[in-house]
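Enquirer: Below is a structure I'd like to ask you about.
Every number here is computed from the coordinates shown, using simple stated rules; none is lab data. Remember, predicted model here, so these are calculated numbers, not experimental data. Reconstructed Cβ throughout: ideal geometry from the backbone, glycine too, with neighbour counts over all protein chains shown.
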């Protein structure tokens with residue numbers, strides 16, 4: 001049971017958990033594909049080749065050969081912590097607190113838990129708390145709405161448009177545009193009157209017949225401006241804005257049907273995502289380990305993954321019904337941790353449910369931190385697992401991640417980068433262990449180099465076709481490249 | 001030897017479950033969009049059927065016959 005909770009906690013970090021409803025809401029069937037792959041990838045990785053590698057004929061594996069997987073996994077764990085601590089900062093900023101407050105709470109609690117020996121075995125309890133709290137919030141939302149998940153999906157898929165509800169904070173008091181971190185353009189589909197309650201500078205790109213114009217308004221407190229269909233608020237406007245109720249949300253899909261059916265299928269991108277997560281699961285759950293799960297264990301792991309996926313689907317559709325303003329500027333992870341029903345509950349109960357959601361997120365993060373620490377320690381066979389118990393090292397990891405989190409990043413993109421990198425470096429050898437560690441190291445370095453080269457190309461932008469998919473998901477090319485080098489190494493060494 | 005074969009069966013079934021989603025989405029005439037009891041076929045498959053089948057596959061084929069030691073041992 002303990003190993004079950006560790007597998008779940010290592011895999012289902014808060015950034016991954018919230019990426020599911022975010023992708024489901026933003027991309028419909030593409031999000032469903034992500035959820036299915038996240039659910040099945042760990043099972044496939046755990047099911048592949050359970051045999052441990054045979055010891056090399058010349059003796060024990062050298063320390064140098066163990067160094068590569070340990071360092072790679074250490075960096076992976078650091079990046080995963082960074083992604084989740086950055087998410088804590090995003091959540092704090094979205095809910096009106098200071099970004100650094102969320103970061104300090106998450107990083108300090110994570111470090112304390114990993115450093116304090118009596119609490120090191122609390123990952124299963126924390127994971128159970130996270131699941132229970134998230135489920136209670138979901139069930140309460142479903143009960144208050146009087147809709148089951150299937151009926152809720154049906155209602156979303158039949159909506160003619162996603163419009164600002166009168167109870168939306170964007171309508172009642174307005175919100176700061178700087179809080180919108182998504183990358184979707186803020187293009188209006190119909191005439192929309194915007195109010196700046198506190199005034200400020202609003203920059204927009206307006207369309208007059210076929211002519212585009214950049215306009216900047218300096219608005220007095222309470223002043224309004226009207227934008228027409230096709231006009232766009234440009235990024236960089238940081239004033240508080242109030243939107244009109246019952247108007248289409250800029251950036252939302254045209255209709256519920258368009259959301260449910262999704263965009264044209266992008267096969268290569270889907271394959272790239274699957275390869276990235278499969279290789280990442282192999283590295284995180286299998287590298288240097290031979291986990292064995294009994295029938296109950298396999299059932300609990302698969303059941304936990306199923307429960308998480310069902311929660312993500314239900315949470316996404318309830319959020320889209322109650323808070324379609326989720327789409328404003330693009331769906332981002334931190335918005336999914338805000339209770340999507342400001343008018344559905346009375347104030348004390350609303351605050352309690354919001355606190356429950358935050359507790360679920362924090363408990364999931366702490367469980368993941370503990371599980372990642374134990375995972376890293378398990379790989380350090382030569383040092384007796386010391387790397388998992390070194391308070392200085394973990395203080396450095398949490399401190400570095402916290403410092404890096406002060407600058408906003410996309411937690412899901414960072415998690416995907418960590419999983420892809422680790423997958424290319426360690427995945428092939430984890431699934432197909434060679435008899436000599438040197439072949440694994442060579443293949444890992446080759447895979448990592450290809451991955452890093454393609455990931456660096458992301459900075460120059462992406463194109464279509466295979467090259468575009470390879471740049472968007474470097475593991476699509478890098479993982480097979482690493483596997484090929486491993487195969488060559490095995491053949492050369494006989 | 002038998003456990004390896006059993007696991008391989010499980011892994012193949014899980015990969016087929018993933019492939020099924022892609023195939024269903026590729027069917028012509030928007031077959032995947034047909035609504036059955038409130039959900040489209042694609043969402044029934046990807047959101048309900050395939051994950052539930054995965055649990056059954058994991059219980060039946062991925063379990064190890066040996067007792068489960070902790071992950072870090």
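Enquirer: I need A:210, A:441, A:238 ordered by Cβ neighbour count within 10 Å, fewest first. Walk me through the numbers on the way to the answer.
Expert: On the way: A:210 5, A:441 22, A:238 14.
Fewest-to-most Cβ neighbours within 10 Å comes out as A:210, A:238, A:441.
Enquirer: Contact order normalised by length for the stretch A:86-148, with contacts defined as Cα pairs under 8 Å and 6 or more residues apart; what percent is it?
Expert: Once normalised by length, the contact order is 16 percent.
Enquirer: Relative to the longest principal axis of chain A, what angle (0 to 90°, nearest 10) does the C-alpha long axis of helix A:411-431 take?
Expert: 20
Enquirer: Sticking with this structure for a sec: Can you give me the three principal axis dimensions of the stretch A:349-494 from its C-alpha atoms, in Å, biggest first?
Expert: The Cα atoms of the stretch A:349-494 stretch 64, 47, 26 Å along their principal axes.
Enquirer: Also: Could you give the Stokes-Einstein D for the stretch A:109-227 in µm² per second, using the C-alpha Kirkwood radius, 37 °C, 0.692 mPa s?
Expert: Translational diffusion coefficient: 168 µm²/s.
Enquirer: Roughly how many whole Å is it from the C-alpha centroid of the stretch A:154-171 to that of the stretch A:274-334?
Expert: A separation of 26 Å, based on Cα centres.
Enquirer: Another question, if that's okay. Binning at 10 angstrom from zero up to the longest distance, how are the C-alpha pair distances of the stretch A:199-269 distributed in percent?
Expert: Percent of pairs per bin, in order: 15, 37, 28, 16, 3.
Enquirer: Return the whole-Å distance between the Cα centroid of the stretch A:59-133 and the Cα centroid of the stretch B:12-27.
Expert: So the two Cα centres are separated by 34 Å.
Enquirer: Let me ask you something else. If each Cα of the stretch B:2-62 is one equal point scatterer, what is log10 of I(q)/I(0) from the Debye formula at q = 0.14, 0.16 Å⁻¹?
Expert: Here log10 of I(q) over I(0) equals -0.45, -0.55.
Enquirer: A follow-up question, please. What FRET efficiency, computed as 1/(1 + (r/R0)^6) with R0 = 30 Å and r the Cβ-Cβ distance, is obtained for residue A:215 and residue A:172, rounded to the nearest 0.05?
Expert: Result of the calculation: an efficiency of 0.65.
Enquirer: So if each residue of separation counts as 0.36 nm, and I subtract the Cα-Cα distance between residue A:355 and residue A:193, what length gain in nm does that give?
Expert: That pair, residue A:355 and residue A:193, stretches by 54.9 nm at full extension.
Enquirer: Then there is this: Using 7 Å Cα-to-Cβ label points, what is the residue A:160/residue A:207 separation (nm, one decimal)?
Expert: Label at residue A:160, label at residue A:207, 2.2 nm between them.
Enquirer: Still on this structure, please answer the following. Based on DSSP H runs of at least 4 residues, each adding -39500 (n - 2.57), what is the mean residue ellipticity at 222 nm of the protein assembly as shown after dividing by all its residues, to the nearest 500 deg cm²/dmol?
Expert: The helix-only estimate for the protein assembly as shown comes to -19500 deg cm²/dmol at 222 nm.
Enquirer: Give or take rounding to whole Å, what are the principal axis extents of the alpha carbon atoms in the stretch A:169-241, in descending order?
Expert: Taking the Cα atoms of the stretch A:169-241, the three principal extents are 34, 26, 20 Å.
Enquirer: Over the stretch A:176-321, what per residue volume does the convex hull of the Cα atoms give, in whole Å³?
Expert: Given the Cα convex hull of the stretch A:176-321, per-residue volume reads 191 Å³.
Enquirer: Once you wrap a convex hull around the alpha carbon atoms of the stretch A:56-173, what is its projected area averaged over all directions, in nm²?
Expert: Average of the hull's projected areas for the stretch A:56-173 equals 14.0 nm².
Enquirer: Kindly put A:160, A:369, A:237 in sequence by how many other C-beta atoms sit within 10 Å of each C-beta, fewest to most.
Expert: Working: A:160 10, A:369 30, A:237 20.
In increasing order of surrounding Cβ atoms, one gets A:160, A:237, A:369.
Enquirer: Something else about it: Give the peptides A:87-99, A:212-224 in descending order of average Cβ contacts within 10 Å, highest first.
Expert: Top of the packing list down: A:87-99, A:212-224.
Enquirer: Of A:121, A:460, how do they rank once you tally other Cβ atoms within 10 Å and put the fewest first?
Expert: Ranking A:121, A:460 by Cβ neighbours within 10 Å, fewest first, gives A:460, A:121.
Enquirer: Follow-up. Using only Cα atoms and rounding to the nearest 10 degrees, what angle (0 to 90) does helix A:99-115 make with the longest principal axis of chain A?
Expert: Value to nearest ten degrees: 20.
Enquirer: Let me ask something else. Can you give the relative contact order of the stretch B:2-62 as a percent, counting alpha carbon pairs under 8 Å and 6+ residues apart?
Expert: On the way: 36 pairs, mean separation 28.1, N = 61.
After rounding, I find 46 percent.
Enquirer: Further question on the same structure: Roughly what angle does helix A:391-405 make with the longest principal axis of chain A, taking Cα atoms, 0 to 90 degrees, to the nearest 10?
Expert: Computed tilt is about 30 degrees.
Enquirer: Let me have the relative contact order for chain A, percent, based on Cα pairs under 8 Å that are six or more residues apart.
Expert: So the answer I get is 29 percent.
Enquirer: Another question about this same structure. How far apart, in nm, are the 7 Å Cα→Cβ label points at residue B:60 and residue A:453?
Expert: Placing both labels 7 Å beyond Cα along the Cβ direction yields 4.4 nm.
Enquirer: Quote the FRET efficiency, to the nearest 0.05, computed for residue B:27 versus residue A:112 with a Förster distance R0 of 60 Å and r equal to the Cβ-Cβ distance. Could you put the intermediate results ahead of the total?
Expert: Values: r = 53 Å, r/R0 = 0.88.
Rounded to the nearest 0.05, the efficiency is 0.70.
Enquirer: Expressed in nm², what is the orientationally averaged projection area of the convex hull enclosing the Cα positions of the stretch A:285-439? Write out the running numbers ahead of the final one.
Expert: Details: hull surface 52.4 nm².
About 13.1 nm², averaged over all directions.
Enquirer: So, one more: Using only the alpha carbon atoms of the protein assembly as shown, find the Kirkwood hydrodynamic radius as the inverse mean reciprocal pair distance, in angstroms to one decimal.
Expert: 24.6
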